[in-house]
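**Q** Below is a structure I'd like to ask you about.
The values are calculated or read from the model by the stated rules, or taken from the named source; none is laboratory data. All values reported here derive from a predicted model rather than from experimental measurement. Here the Cβ positions follow ideal geometry from the backbone for every residue, glycine too, while neighbour counts run over all protein chains shown. These area figures cover heavy atoms from the full protein model, side chains too; ligands, DNA and RNA do not enter into them. Shrake-Rupley method; radii C 1.70, N 1.55, O 1.52, S 1.80 Å.
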Amino acid sequence: MEKLKTTLKILFYLFFIILSCKTSNAFEKNKLALSQIENFFRNINTIEANFIQVSPSGNVSNGKIYLDLPGKLRIDYKNPNNLLITSKGFWIVVQDRDAKTTNNIPVKSSPFAILLEKKSFLYNENFRKDYNINAGIISLKIKNKKSDNQESIVLEFLEKPFSLKKWIIQDSLGENTTVLIQNAKYNNKLSHLLFFPIDFPEPTNWSIFILLINVIFWLREI
């Protein structure tokens, strides 16, 4: 009986040691991942890259993205939509170049707010941050603690060599939009003109005059 008790004690201690080692290793991995992400955002000023976007419905679009941190963003869609998204820090400006329409969204109300803050979100107590490391991929999920909805963003990094691979935006309905980053170039000088929205010209007086003449002729033919 005493031998059995001794054996069980030894097994218990071995199990405890193994569990402690695993917990310690997981802690060290998360600490290293946090350190790598900190260094990434500390050393990154600009990003220029191609992207492929997959919507919740499975539709695929592509284009080019530019980030000048903090605050500046340009997403230039080429296929299949002719959209342009720009920001200089306060507004997200969404423009349809075919329809010549413009919509403004406050940056803080958009999922891009976290990306455009550059590094402060890592230390912001209002954000909940969850790390996961699996098969060489570091995932960082960020969610606003003060928000009641399910909106969040997941940043995924390759562990070796460390680089931003993609981000996943989850909306309030729990649906995901995935943006994969390709051919990224870091810290190249970007023109400030990239981050200005398109200035769609207003119709001139002459254009209005021509339009009125056409309407008058059209009415005479009725």
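**Q** Given Cα positions, please report Rg to Rh for the range 38-92, the hydrodynamic radius being the Kirkwood one.
**A** Radius of gyration relative to Kirkwood radius: 1.04.
**Q** Accessible area of the range 131-187 with a 1.4 Å probe: how many percent of it is carbon plus sulfur?
**A** So the carbon and sulfur contribution to the accessible surface is 44 percent.
**Q** Right, here's the next one. In square angstrom, rounded to the nearest 10, how much accessible surface does Trp167 have for a 1.4 Å probe?
**A** In the full protein context, Trp167 sits at about 10 Å².
**Q** For the pair Glu125 and Asn45, what calculated FRET efficiency results from E = 1/(1 + (r/R0)^6), where r is the Cβ-Cβ distance and R0 = 25 Å, to the nearest 0.05?
**A** The formula returns an efficiency of 0.45 here.
**Q** On alpha carbon coordinates alone, what is the Rg over Rh value for the range 71-114, Rh being the Kirkwood radius?
**A** Answer for the range 71-114: 0.98.
**Q** Further, regarding this structure: State in Å² the accessible area per residue of the range 31-74; use a 1.4 Å probe, count heavy atoms of protein chains only, and round to the nearest integer.
**A** Value for the range 31-74: 44 Å² per residue.
**Q** With 22 Å as the limit, write out which pairs from Lys108/Lys143; Lys129/Lys165; Lys88/Lys185; Lys78/Lys165; Lys31/Lys108; Lys72/Lys145 have Cα-Cα distances beyond it, or answer none.
**A** Pairs exceeding 22 Å: Lys31/Lys108; Lys72/Lys145.
**Q** Counting only protein heavy atoms and a 1.4 Å probe, tell me what percentage of the range 62-124's accessible area is made up of carbon and sulfur.
**A** On the range 62-124, the fraction of accessible area on carbon and sulfur atoms equals 53 percent.
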